[in-house]
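Encoded as structure tokens, the structure appears first; notes follow it.
The values are calculated or read from the model by the stated rules, or taken from the named source; none is laboratory data. All values reported here derive from a predicted model rather than from experimental measurement. Here Cβ is always computed from backbone atoms with ideal geometry, including for glycine, and neighbour counts include all displayed protein chains. Ligands, DNA and RNA are excluded from the accessible area calculation, which covers all protein heavy atoms including side chains. Shrake-Rupley method; radii C 1.70, N 1.55, O 1.52, S 1.80 Å.
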Amino acid sequence: MTNANISKSSDTYQELSAFLTDWDQKYVESINSIQLFTGQELLNEAQKIHFVKLVYHLYRHSCQEIFWYLGNHAPNRQVKQTVLDNIAEEMGGDGCSHEQMYLDFAMDVGIDLKTEYFLNDSYPPFVSAYKRGWIELLQSTDSTGMACLLSACERLDNPDYMALTKVVNTFQLPKKSLTFFTVHSEAKHFELVEPVLLPLWQQDQNGVKEVFNFVFEYELKMRQQLSDAVCNL
């Protein structure tokens, strides 16, 4: 799905695609170099529990709060609708919600997360700092920056969940237990925001690159902190 006024054969689209392809490759290379995400790290039971709880906070509830803020402060109907579409997909329609998928995965690991959201038993300072940093960033940016930040986050969805999948594959669980990770690894969330990003790229390529590169570094820092918290336990 592309902006009606910008075709896939246009220079604008091709230039954006080239930038994103290079950005993707560098991000994948970077995250694959982090200890937890090499796919070779075998976690003990305590590390698995810590990992499952931290991912629950970092990838589930931090993201939910960030998207709630975006939806309430988005610059226009198009961005708001993109956020709503994302939230609607999370609810799962007639099927299982993504939240329930994760809770089921945790139960298969042997962890009941029903009270984790409220008790925050596994909530180290870096998790709070990560979420607070995102909200502060959204509060300080303009409407263009907000749309770019949303686009960058959605672009990372697939490679991030592919990296997480490598970790949970070492848990030796049945394939059904990993449905949450499969769904997110294959999701097409970026296609929802591409029509928002294309005109911004056309107007200010350097501005878009600056936002994407900031998100690259910010998110990579969190992944490194997650790895350190789990692997050094």
*Per-region count, segment 20-57, residues open to solvent by 10 Å² or more (accessible area, probe 1.4 Å) and within 12 Å of VAL127 (Cα to Cα)*: 1
*In segment 111-128, what count of residues is obtained for those that are part of a helix (DSSP H, G or I) and either touching a residue at least 40 places away in the same chain (Cβ under 8 Å) or open to solvent by 60 Å² or more (accessible area, probe 1.4 Å) (or both)?*
7
_Options ARG77, ARG60: the member that is of a type in the set (D, E, K, R) and open to solvent by 40 Å² or more (accessible area, probe 1.4 Å)_ = ARG77
_Against the conditions (1) buried (at least 19 other Cβ atoms within 10 Å of the Cβ); (2) hydroxyl-bearing (Ser, Thr, Tyr); (3) within 30 Å of ASP108 (Cα to Cα), where does THR165 fall short? Just the number, please._
(1)
*asked:* Is it the case, given these coordinates, that ILE6 is at pLDDT below 90 and open to solvent by less than 60 Å² (accessible area, probe 1.4 Å)?
replied: yes
_If LEU226 satisfies all but one of (1) farther than 29 Å from ASN76 by Cα; (2) more than 18 Å from the chain's Cα centre (by Cα); (3) part of a helix (DSSP H, G or I), what's the number of the condition it fails?_
(2)
*Where in segment 1-110 are there helices (runs of 4 or more DSSP H), lying fully within it, with 1 or more residues that are of a type in the set (Phe, Trp, Tyr) and either touching a residue at least 40 places away in the same chain (Cβ under 8 Å) or closer than 24 Å to LYS175 by Cα (or both)?*
11-32, 45-55, 62-73, 98-109
*Can you work out which of the residues in segment 129-160 that are open to solvent by less than 30 Å² (accessible area, probe 1.4 Å) and under 15 Å from GLN25 (Cα atoms) is modelled with the lowest pLDDT?*
ASP157
_Residue tally, condition acidic (Asp, Glu) and without any contact (Cβ under 8 Å) to a residue 12 or more places away in the chain, over segment 177-227_ = 2
*Could you tell me whether ASN232 is more than 30 Å from LEU43 (Cα to Cα) and open to solvent by 50 Å² or more (accessible area, probe 1.4 Å)?*
no
